[in-house]
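Structure first, then comments.
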Protein chains: 2
Amino acid sequence: MAEAKPGTRQRSGGAGTRERIVDAAARLFYRHGIGSVSVDAVAEAAGVTKRTLYNHFRSKDDLVAAYLEARDQPNLALFQAWFDAADGDLADRLRALFRKLAENAGGRSWKGCGYLRTAAELVATPGHPAVQAARRHKRNVEAWLSSVIAAERPKAEAERLARQLQLLMDGAFAAGLLHRDPDYMQAAGEAADALLRRSEGR
Amino acid sequence: MAEAKPGTRQRSGGAGTRERIVDAAARLFYRHGIGSVSVDAVAEAAGVTKRTLYNHFRSKDDLVAAYLEARDQPNLALFQAWFDAADGDLADRLRALFRKLAENAGGRSWKGCGYLRTAAELVATPGHPAVQAARRHKRNVEAWLSSVIAAERPKAEAERLARQLQLLMDGAFAAGLLHRDPDYMQAAGEAADALLRRSEGR
DNA sequence: GTCTATATAGAGATAGAC
DNA sequence: GTCTATCTCTATATAGAC
């Protein structure tokens, strides 16, 4: 599995066994980090035995990649929902996005960005499938930011601003985690606002 | 040492044994990450036995903290040297700092920011001495940035800009490492420039 | 597909001689 | 202070019964 050939069938005993495993992995890996969580712990949290887990995933590395891939679209959808629900002009709505991120960063279970943290932990293996999944996710976020900005600004400017906003976001993920302080995300929102409004006057 | 009590003496066999160990640890931990480097590997790279290493450091955790503490002042001095060597006004000189960082990020041995990466790896133990050392270093950098900006801007504005610039820097460390692309640091420099020059017009 | 039990390897840290 | 040898623990991954 994981890439079932046509003709192969996925006869999972419990429906959604794979999902349960990925969900448990996501919770534990995000909370404690990849290296600190054993496969045993994931299996126990998912309510399956280790042997079952290894029937669904070839290795822990595959499981880590599956965790990040599973979070890609939900994370993106959350950003979009926050943006869409906000009122005002483009800058106001992006400001709302950062405000939501800051609220999130204030929660007890917040531990920064799982993608950046995984990339940091796997620095010794840049080709790791989980690192590639992280790259894809960040590119998706940047492309989405670029698309919403491009609705009101020239394309080249939108791409530049999208990257700058993501740099602020990622910086706030990293610094906010280091200092355990959501004020960094707040400051990132202010900087994003300044960049957007300055750019307007050009 | 590291806070040797008065009266205590450190009769190290080879002069600078501790430094050799810390240097080897810094090289390996930065290159491969904390979890991927064993104490054996550090001892071998330093040319000492593991027993000698444990005579100088109580645990691997202590060694990691010593590595980050040892890099604090040299890193800061490097930033200052880059800034001091540049010509032009404040924005020009800060721009030069980002340009130097981008050059650095293009090198083969560049692996992002060791402080942020260590904090990401040690997310499960926020009170870890290495994490505290990382916080101190980042605060030192921000304070230094604030001081140079305050030479030409009001204090409150300088503090705000210093934090924004560091967010961009940290974001570029994280994204540049994930994508293995120094363009992110370049983009951070442009954003920093925009923030500084916008702020001027206020 | 799922279970119990285990192979195998590598880690951090220490014992005891010199 | 430094050495060799080793203890102990935990990890990933697998064997073989059902």
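The values are calculated or read from the model by the stated rules, or taken from the named source; none is laboratory data. These numbers were taken from a predicted model, which means no experiment stands behind them. All Cβ positions, even for glycine, are placed from backbone atoms using ideal geometry, and neighbour counts span all protein chains on display. Heavy atoms of the whole protein, side chains included, go into the accessibility calculation; ligands, DNA and RNA do not. Shrake-Rupley method; radii C 1.70, N 1.55, O 1.52, S 1.80 Å.
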Report the accessible surface area buried between chains B and A, summing both sides, using a 1.4 Å probe on protein heavy atoms only, in Å² rounded to the nearest 100.
3500 Å²
Quick check for me: using +1 on Lys/Arg Cβ and -1 on Asp/Glu Cβ, what's the dipole size of the protein assembly as shown about its Cα centre, in debye to the nearest 20?
1120 debye
Inter-centroid distance (Cα atoms) of segment A:23-45 relative to segment B:122-143, Å:
24 Å
Helical mean residue ellipticity (222 nm; -39500 (n - 2.57) per DSSP H run of 4+; nearest 500) of chain B
-24000 deg cm²/dmol
Report relative contact order for segment A:12-57 in percent, whole number only (criteria: Cα-Cα under 8 Å, sequence separation at least 6).
37 percent
Would you calculate the separation in nanometres between label points at B:D62 and B:R27, each defined as 7 Å from the Cα along the Cα-to-beta-carbon direction?
2.4 nm
What's the average, rounded to a whole number, of partner chain beta-carbon atoms within 10 Å of each residue's beta-carbon in B:160-166?
4
Would you mind getting the accessible area per residue of chain B, heavy atoms of the protein chains only, 1.4 Å probe, in Å²?
48 Å²
Roughly how far apart, in whole Å, are the Cα centres of segment A:47-62 and segment B:159-201?
41 Å
Other chains' Cβ within 10 Å of A:123-132 residues: what's the mean?
3
Filtered pair list for the protein assembly as shown (Lys only, Cα < 24 Å, 8 or more apart or interchain) has a length of 21
Please work out how much accessible surface B:S36 shows to a 1.4 Å probe, ignoring ligands, DNA and RNA, in Å² rounded to 10.
80 Å²
Rough spin-label spacing in nm, given labels placed 7 Å along Cα→Cβ, for A:D181 and B:D84:
2.7 nm
Counting only protein chains, not ligands or nucleic acids, how are B:T52, A:T118 ordered by accessible area (probe 1.4 Å), most first?
B:T52, A:T118
Here the net charge surrounding A:A24, from other residues whose Cβ is less than 14 Å away from its Cβ (Lys, Arg +1; Asp, Glu -1), is +3
Can you put A:D62, A:D84, B:D170, A:D72 in order of accessible area, largest first, using a 1.4 Å probe?
A:D84, A:D62, A:D72, B:D170
Low-density loop trypsin sites (Lys or Arg not before Pro), segment A:56-133, at most 13 other Cβ within 10 Å, DSSP non-H/G/I/E/B, are A:R58, A:R108
Where does the charge balance sit around A:L116 when Lys and Arg score +1, Asp and Glu -1, over other residues with C-beta under 13 Å from its C-beta?
+2
B:C113 - accessible surface, heavy atoms, 1.4 Å probe, Å² rounded to 10:
10 Å²
7 Å from Cα along Cα→Cβ at both A:D92 and B:A151: what's the point-to-point distance in nm?
4.2 nm
